[in-house]
Every structure is written in C-alpha cells, then in structure tokens.
Amino acid sequence: MEIPEQDRLETAESELTTRRGRFRAVAFREHEGGAEHLALVHGDPRGATDVLVRVHSECLTGDVFGALRCECGAQLDSAVDAVLAQDCGVVVYLRGHEGRGIGLLAKVRTHVLQDAGLDTVDSATALGLPVDVRDFRAAARVLRHLGVASVRLLTNNPDKERALTRHGVVVSRMEPLLEAADEHNRAYLTAKRDRLGHRLPHLDPAH
C-alpha cells in the first residue's frame, strides 16, 4: 500500500564512529524545507521494548561550546554514554529547538535578562516570546520508523513524556538524567523545577 505523502519521512543512514562509540546515524526530516534531525542508533531497536531513548533538543551554546548556565551539554554526554551501555538505545537530536524553540538570537537576548536577575521563564515572556514551542512529533515519527516498541525515556521533563505519548510513542517509564547543580546553573535548574515542573530532586538539600 502506498504511503500518503504527509506520512513519508525522508531519511539517510550511515555508520558513524564517535569518540564514545559506534552508531548507526539516521538523518531525517518530515518535509521539504523542514529542520533536519539526527538519530544515533546503538544496536537494533526494531521490535524491542523498554529501549533507552534520549530525545535531546538542540542547544548550540551547551552542546557544542560547553556553556555552564544550562546542563544541556552534560546531559547529552551522559545520554550517549547511557545508551552505549545498553544492548540497544537511541539518542534523537532535534534541531530547531534552540531556546525551547525561540531560536538562537532570541535565546542570547534572554541570557542578558537572566544575567540581570530574571529566570529562564520571565526572560522569555519579558521579550514577548513563548516559554516553550518545541514540537516532538518528528522524534515520535523516527522512533516509529526505527520500529521501537516502547521506550524508557531519559528525561526530567514530564511534558516531553506526554508529548511523545500524544504522538503515539509508548513510554514505559521516565528515567532521570540529573546533572550536578553549581553556581552557574542552579538558578536555571531551580526555575525548571519550580516554573516548568521538571523533576529535579537533587536540588533539594535533603538529597
């Protein structure tokens, strides 16, 4: 049966050897002119249940340059290592998600306001920007393309779990991806916990 145009996922695959290990790299996009994303696939997840999956939103400053005001780069590194420790797993890297979807220019402008005392939420709304406009449909589509039956989702964000579930991914459970809090990122992490509902129990002194 012919696949409807709107359901087609354009993909290209190759082997990719990284400093951490070897993956099958699956580049994909949903439609012509759309963002191009990448899934790093370890092992064979087709038909597998409880596959360890990280759906990671692009963060140029954190992922590439090691910015300390967020934990994005550290989470990406930890997720890659965690996936490699499994029989199979997937890291889905979503581009076009910079600054929870507002883009790089806007994100850098929010940094100025954060340095003046606003948190990650108020710095966006003060500029008339949305707090989070990320779309996780592409991640759900590539996980279905890979044949993943169900996932253990590496995330602290319940909204991400709900978004993937809404798009047809079976999330068997969330697994935390906690990075150390320090003087550079504590305010950011606290806002994510208190304002955005992320599960970050290690910020509690009792932990």
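The values are calculated or read from the model by the stated rules, or taken from the named source; none is laboratory data. Fair warning: this is a prediction, and the values are worked out from it, not measured in the lab. Positions of Cβ are backbone-derived with ideal geometry, glycine not excepted, and every protein chain shown enters the neighbour counts.
What to note about this one:
- Whenever a residue of segment 108-137 is farther than 21 Å from residue 163 by Cβ, its partners that are of a type in the set (A, V, I, L, M, F, W, C) and not in a loop (DSSP other than H, G, I, E, B), lying with C-beta atoms within less than 7 angstrom and at least six residues away or across chains, give the pairs 110/124; 119/187; 119/191; 123/113; 126/113; 127/106.
- The set of residues in segment 53-91 that are closer than 22 Å to residue 134 by Cα, of a type in the set (Asp, Glu) and part of a loop (DSSP other than H, G, I, E, B) comprises 58, 71.
- Any chance residue 47 is exposed (fewer than 12 other Cβ atoms within 10 Å of the Cβ), under 23 Å from residue 170 (Cα atoms) and of a type outside the set (A, V, I, L, M, F, W, C): yes
- Segment 149-165, residues that are of a type outside the set (Val, Ile, Thr) and touching a residue at least 24 places away in the same chain (Cβ under 8 Å): 149, 150, 152, 153, 154, 156, 157, 158, 159, 160, 163, 164
- Hits in segment 168-187 - residues which are in a loop (DSSP other than H, G, I, E, B) and surrounded by fewer than 16 Cβ atoms within 10 Å (Cβ to Cβ): 168, 170, 176, 180, 182, 183, 184
- Matching option when the condition is under 15 Å from the mean Cα position of the chain (by Cα), of a type in the set (Asp, Glu) and surrounded by fewer than 22 Cβ atoms within 10 Å (Cβ to Cβ), among 115, 63: 63
- Boolean, residue 96 is small (Gly, Ala, Ser) and either touching a strand residue (DSSP E or B) at 6+ places or on another chain (Cβ under 9 Å) or outside any loop (DSSP other than H, G, I, E, B) (or both): yes
- Selection of segment 6-42 for residues being in contact (Cβ under 8 Å) with a residue 60 or more places away in the chain and exposed (fewer than 12 other Cβ atoms within 10 Å of the Cβ) yields only 18.
- For residue 28: the one exception among (1) touching a Leu at 6+ places or on another chain (Cβ under 8 Å); (2) among the hydrophobic types (A, V, I, L, M, F, W, C); (3) modelled with pLDDT under 95: (3)
- Residue in segment 101-112 that is surrounded by the most Cβ atoms within 10 Å (Cβ to Cβ), counting only those that are touching a Leu at 6+ places or on another chain (Cβ under 7 Å) and outside any loop (DSSP other than H, G, I, E, B): 110
- Of the residues making up segment 164-200, those that are over 22 Å from residue 80 (Cα atoms) and not hydroxyl-bearing (Ser, Thr, Tyr) number 15.
- Filtered by the rule that a residue be under 14 Å from the mean Cα position of the chain (by Cα) and among the charged types (D, E, K, R), segment 79-97 gives a lone residue, 95.
- Residue in segment 72-82 that is in contact with a Phe, Trp or Tyr (Cβ under 9 Å, 6 or more places away or on another chain) and in contact (Cβ under 8 Å) with a residue 60 or more places away in the chain present: yes
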